[in-house]
Structure formats: structure tokens, C-alpha cells
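The structure appears right after this line, and notes come after that.
All of the numbers you see were taken from the coordinates with simple rules; none came from a lab. Nothing here was measured: the structure is a model prediction, and the numbers come from that model. Backbone-built Cβ (ideal geometry, glycine too); neighbour counts: all protein chains shown.
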Amino acid sequence: MRLATLLPLLLLLLGVTISAPAQDDSPLARQVEALIAELSADEFTIRQRACDRLEALGAAAVPWLEKAAAGEDPEASRQARRLLRGIRQRNRDDLLASLYTRNNAFRTTEEFRRLVTRGREVIPSLLAILAEEDSRGTSYSYYRFRNAYWVLAELVTPQDFDLLVSLLQSTNVQHRILLEPILRSFDREMVIDRVLQVLADPEAHPQVRAHLVEMSVNTSFSGNDPRIETAALGMLDDESELVRSSALRYLGIRRNQEGLTKIIALCKDASILVRTAALRALRSYRDPAALVPLRASLLDPAPEVRSAAIETLRSVGGPNFAPAVKPFLSDPDPRVRSSAAQFLARFGDQSALPVLLESLKQRDDEFLARALNSLLDAIGRIGDETALDPLFKLLEDADEFDRIRSYRYRILQSIVQVGGEQVLPRVEPWLTRPDLQNANIVLDEIGRMDSEQVVPLLMAALRNGTVRMRTSAVRGLAARHHREAAPLIATALQEETDAWFLSEATKALTTFGYEKAAPTIRTFLDGDLADMGRLSLYYAAIRAMMRFHISAAAPRVAEMAIASPNIRNMGIDALASLGNPAVVDALLSLYETEANESTRYRITTALARLGRGELLEIRLASMGDSASTTRAAAYLALGRVDEARADLALLLKSNPANGSIVYDMACVDARDGKTDAAFAGLRRAMTLRTFSKDQLLTDPDLASIRNDPRLADILEKAR
């Protein structure tokens, strides 16, 4: 029995009574009482919202929660006890209480550093937290698990390997997910051996074995080791249907040819779960032998299996199978009808549309969670405007269906895809509704449309929208090269603090060449480099310094490159472009300590562009006499333009359609003052491959043509 269940009895035995809060008509009291009333609501989303808000109130809500915990409503009582326990534990006067934070930057906090400083003495407490069964009963449990593992990762040593492996075998999947990065630091063979032992152990919990084999795709648990595939093949004979179905998913992802025969055989397994998993595993194969069980499974008595067979045919079959699938539009089961409609929609069959629209009305949240995106994609693929009114009706009736309400933005996306600019007047009011989740994603879709109606809508969102809407508006305006928005974006840059918005606004202003914003953007370089949430902003700000050639920012960029491996390569390239000789000593010092050979070469190139080419000359001598793009780039960095041109000319003779070499020759022409030839080369390069705006705006070799109006035409074609 859980401690929370025993708590009222223990209090009674100890002579402690729970007194109700005194009569209180304050705004806080009314708010808390309303939230507690929602703890027993029929709809999950209402209950969850109430829990989240009560947790946010914390200690202020405790008197009312104590009353609810002792009340007669079983659901409200259970939720109140759970919330009380979480609030009290978070408020303990103990450093371990900091583990209850939801802060994604917890590893940068003082509390994290203090916990790590306590050393191995804190490990027993961390293990007790991880082992605490009740911790899974609060909405803070994931964060508590995560934070405890982050601290544990700093403290464990090889002697703790057996301990970690024991946690690996917990039925709580969070252990395996959070252990995975820690196990990367251990010997790979040790990890694989233990994983294989668990997979082969019939006494291990089936849930553990099933999850472990699925996690072995592209993780350090296995490194895609062939021995895991061998173990998975053996698991196909396991008595547990959960283990067999997970092994099937793994082998399907790995496209294991040895297991194909067995997968086909399991399409007739006694378990519906296994038959379904076997059919879905066949999606990865293009073997004609797979078509036989697929056709046979269309007649399976289980609707889950018939649906899986049609979904697999949608992946591996073609329009020739449409006659076999079309009768299933009238199947007794709605899931099968939906799968058939999605199959036919792939080939533009209009007869699928009524079934697709009907499928969206299903009240089965589990079905919609799995199929909603596919249904809406299928409707968009058919592109029939007769779907617009039913889709708008679905939006208006969405309050009846939890899942639909949560995904109204996806419905709006489909409406925009089907109706184009003609539906924008009907869509626009929805974007400003406070209860519409992810409206910014719809605005992203609108921002990609080729219509004059889009710009006013984006500008309105930039002026009056939420920070997410403003971010999407900036992205859309930048993609459309609407430079008239630059002053408004620059103003917003000073109003918002959200790192993602600042990043997108900085990119847009850099693309527009709006140099007036450079002083504000430069301040973004002065932040906590350990805050990974600002990494995109740092990248954008550094690119802006390169674009506007703010040479005075070079010392700070050098500090960032030295302090953060995440910024190092970009920072070094920026220093080469900014051309400030004050950072030469910093680069030389970094060269001596940097272990990565590719980065060391990058440093030598930057130094050469700053007038210190001796290290690059040494490397150039080791490149041999054969022409190469690497040697040409080194010549160019050293200012030896004629030699770079000679190497590239040789390479172009044998690779005339290589866009990268054509681009490099355009850079040589720009450095050599041959502006017309440089633009001709850039235009040709853009027909051969795609280049980014960032590259064109920050490449130091193109500095001489950056203010030429002809560059704007080329930027239009860049991504």
C-alpha cells in the first residue's frame, strides 16, 4: 500500500487533525476552491490543468488541499494527497529538494553544482529517490528522475557499473532512457554484454526485455551491434507476445534479411499484437515475398490486423493494389475504413474523402492520437475543396472531442493546404483565439504561401501576437524578403526576451542587412554559454557580426569559441571573417590546446586570414602537388589568388558541373577584383546546387561584392 493511502490513518493515530481553512472569500480562496472542484472533472485535460495550477501555487494551496484530501470525493482526495506530497517534498529545507525543479537548465544552477560538490556521499540519497515508487505518481516525477540522473552522471565511476545495470532492469522506462547517456562513458563491450544477458534471460521482466531491444536501435546500448540482431531473432520464439512484437519492430527497423522468413511466418501468429507487429515490420522490406502475407492478412478476422495490412501496403505497394483495398472503405470497423481511405488518398482517389472526413469524427482518442496526422495529410493530398466546410465544422464542434480540440491547428493547416489564399479570411480569426494551441504552426504554413494577402496577416501577428506568433511572423517575413518589416522587427528585438524569438529576429535582420540593429544584436553575445537554450541565438548573433563586419566584437567571439565547444568552429570562422588582429594570440593559444585535428586546421586558416600564415604554410607543404579544393582554399586564405585559381581551373576541367568548385572559383574572382566574373560564377553555382543565405552573406571571400545590388537577386534563390 502506498504511503499516501496510509497518511490520513497515521495522522489520526498520532492525534493530528486536519482542520479546514477558515471561511475565506479572498480571490486566492475562490481560485483554489474552483481548481480543487476540477480535480474530479470527467475530462483529463481539465484535471491536468487544475493539477498544474495547484502545483504552481505550492504552499499557498496547502490548507485547501488538506481539506480535499480528507474529503469524500475519492478522485479529488487522491489527487489532493498526491499534490500535497509533491509540494511538501519540494519545500523541504534540504538541498535534494532542488531536484524537483522543472528547469531544463538545471545543470547550470548553483544547486546542481553544490550537489555535485558533495561527492559520492549523495549517491545513496539519489538512489533512494530513484527507487521511490510514489515518485511516479506526481507530475514532477519525470523532472525528479531526470535531475537525479544528471547529478548521478557526474558522480558515478566504473565501480558503479553493476549498480547502473540493476537500474537498467527496472520496469520504469524512465530509468533506461536516462541511463543511456551515462552508459556511453563505460566500455562499449561491457554494456553490450550486459544488455545481451538481459535480453536472453527468461526470468527478466518481459517489459524490460521488450523496451531494451527497441532502444537498441541507434543508441549506445548496442551501437547497432549484430549480436543484438541475433538476440532479437531468438526473441521471436519467446513466450511473451510483448517480447515477440518488440523484437519484430527492432528487426523491421534494422531490415534484417535473415529474419524476413520468420517475420512472414509470424503474420499468422496466434497473438493479434504479434500479427500486427509482423505486418508493420514488413514495411521496411521491398521483397515480393512480403506481398503474399499482406494479401492474406486483408481477410484477417481482427480489425487491427486488417488495418495494419492496408497501412503496410500503403508503404510498399502501389496503385495496382487499389482495387484490392477499395472494398475496405465499407469495412465494419472504422479503423480499417480509415486505413483504406488513406491508402487510396495517396493516389488521389476522390472516393476516399467521405471516409476520411467521417474518420475525423470518431470519439476514440487513442485512434485519433495515432491516425489524426495521417488523416489530415491524406485530405490535403486529395486537395478537394469540398472538404473545407466539413473541416471548418469540425473546428467549431471541437469542444466535444478532447483530441480534436488539441489538434485544431493541424485541421487549420489542412484547410490552408486545400483552400489556399481564398480561406485566409476565414482562418485569420482562429489564429487570434486564446484557446487555440500551436497557432504559430499554422502561421508558418501561411507564411510559405505565395499570396499578397499573407504580408498584412504576418505584420498584424508581429505587432499584436504572442511571442510564438511573432516568431513565426518574423520567419515568414524573412522568407518573403519583406525588408519593409525590418524597423518593426528591430523594435520587437528590444521588447522580447524569448531566446527563440531573438534568434529568428536576428537572422531576419541579418538577411535584410538592417545594420541599425547591430548594436542591440551585439549585446546578445554577453550571455551564459552553458545555457543551451540560447545556443541558436549565439549562432545568429555571431553571423550578424560577420554580416555587418563588427570587428570590435571579435574579442568576445574569441572568448566564446575558447569557452564553448558548441561555438568553437563557428567562432573561429567568424574571427577569420571579422579580421581583427587583436585575437591572434587567443587563436594561437587555442591551437596549442585543441585536440581535434579538423578544428586545428580551421584555426590555421583563420590565422592566415589575419596575416599569420606560417602554420598554414607548414600544412600546405604537406598537401602534395596535386590540385584539390582543400589546397585551393589554403592558397586563398594565404592570399595566393593565382595559385588558387590554377588549382580550381584544373578541377573544373574534370568536374565542370560541380557547384562547389564553381562557387570557389567565384570566390577567387571576387578576391581578384573580377566582379562581373564573380557574379556569373555565383549564378552558375546556384543552378548546380543550393547555397544558404548565411554562406553568401558571411563568406569573407565575397566581402568585396557584398554591397553590390546584384547580390540580392542571388540571395532570392538561396535557401
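Just a few scattered comments:
- Partners of residue 693 within straight-line reach, counting lysines whose Cα lies under 25 Å from its Cα and excluding those fewer than 8 residues away in the same chain: 507, 516, 674, 717.
- Our Cα-only numbers for the stretch 641-719 put the radius of gyration and Dmax at 11.6, 33 Å.
- Per-peptide packing, taken as the mean over residues of other Cβ atoms within 10 Å, places 431-443, 341-353, 499-511 in the sequence 499-511, 341-353, 431-443 from highest down.
- Set of aspartates and glutamates with alpha-carbon distance to residue 268 below 19 Å, sequence-local pairs under 8 removed: 237, 238, 239, 241, 258, 287, 300, 304, 311
- Whether the stretch 526-584 is rounded, prolate or oblate, judged on the alpha carbon gyration tensor where a/c under 1.5 counts as rounded: prolate
- Summing Lys and Arg as +1 and Asp and Glu as -1 over all other residues whose Cβ lies under 12 Å from the Cβ of residue 177 gives a net charge of 0.
- Candidate lysines for bridging to residue 361, where Cα separation is under 26 Å - those fewer than 8 sequence places away on the same chain excluded: 326, 393
- Sorting 595-602, 458-465, 313-320 by average packing, meaning the other beta carbons within 10 Å per residue, from highest down gives 458-465, 313-320, 595-602.
- Vicinal HN-Hα couplings computed from phi for the stretch 375-386 (Karplus, 6.51 cos²θ - 1.76 cosθ + 1.60; Hz; Gly/Pro x): 4, 5, 4, 5, 4, x, 5, 5, x, 8, 5, 5
- Vicinal HN-Hα couplings computed from phi for the stretch 291-296 (Karplus, 6.51 cos²θ - 1.76 cosθ + 1.60; Hz; Gly/Pro x): 6, 5, x, 5, 4, 5
- Scattering curve values for the stretch 517-668, log₁₀ I(q)/I(0), Debye with Cα scatterers, q = 0.08, 0.21 Å⁻¹: -0.26, -1.23
- Whether the stretch 459-592 is rounded, prolate or oblate, judged on the alpha carbon gyration tensor where a/c under 1.5 counts as rounded: prolate
- Taking other residues whose beta carbon is less than 11 angstrom from the beta carbon of residue 227, and scoring Lys, Arg as +1 and Asp, Glu as -1, yields -4.
- Along its first, second and third principal axes, ordered by size, the stretch 29-131 spans 46, 24, 23 Å in Cα coordinates.
- The calculated P(r) of the stretch 386-504, using every Cα pair and 5 Å bins from 0, goes 2, 11, 23, 22, 18, 12, 7, 4, 1, 0 in percent.
- Largest-first principal axis extents of the Cα set of the chain (Å): 87, 69, 59
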